[in-house]
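What follows is a single structure, written as structure tokens, with notes after it.
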Amino acid sequence: MFDVGFTELMVIAVVALIVIGPERLPRVARTLGHLFGRLQRYVNDVKADINREIELDELRKFKSTFEDAARGFESAAQNVQSEVTKAESELNALATGADPSAPAPAGDKPGPASGSGETSATSGEAHSQPGSDTDPRQKTAA
């Protein structure tokens with residue numbers, strides 16, 4: 001900390017011995033040692049507090065980064081869930097529009113049927129025979 005060599009310490013000791021005297025010098029040296037020890041402990045405590053604050057700041061940054069990543073993951077999960085729900089509702093709509101118990105004719109593509117021989121909005125094909133009023137699937141089932 002200080003650049004004090006042996007010769008400087010000897011000069012300080014001789015001056016202290018002359019100024020303070022041989023009777024009081026040990027007590028003054030002991031007091032100075034205690035004060036120096038307190039100063040070192042105080043400096044070490046301040047260093048430890050600074051290091052703790054730095055670590056706390058790093059942990060806060062890590063926490064915020066982690067929370068941002070978690071929010072992004074939750075958002076992605078919600079998007080996936082909404083897409084799955086949308087696809088499920090579309091499949092359910094397709095499944096409820098078609099009669100699953102009636103067999104599909106070999107020439108027609110399976111799709112939703114209205115049961116009245118009208119054209120389907122999804123496939124654009126007519127399910128009825130030309131000149132007949134009924135659905136061909138109903139003929140095979142009857």
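Readers should treat all values here as calculations from the given coordinates under stated rules, not as data from a laboratory. All values derive from a computational prediction rather than experimental measurement. As a convention, Cβ positions derive from the backbone with ideal geometry for all residues, glycine included, and neighbour counts pool all protein chains shown.
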* What nm distance separates the two modelled labels at I12 and L94, each placed 7 Å from Cα along Cα→Cβ? -> 8.9
* Structure fact -> Placing +1 on each Lys and Arg Cβ and -1 on each Asp and Glu Cβ in region 1-104, then taking the dipole about the Cα centre, the residue among V43, L25, V84 whose Cα reaches farthest towards the positive end is L25
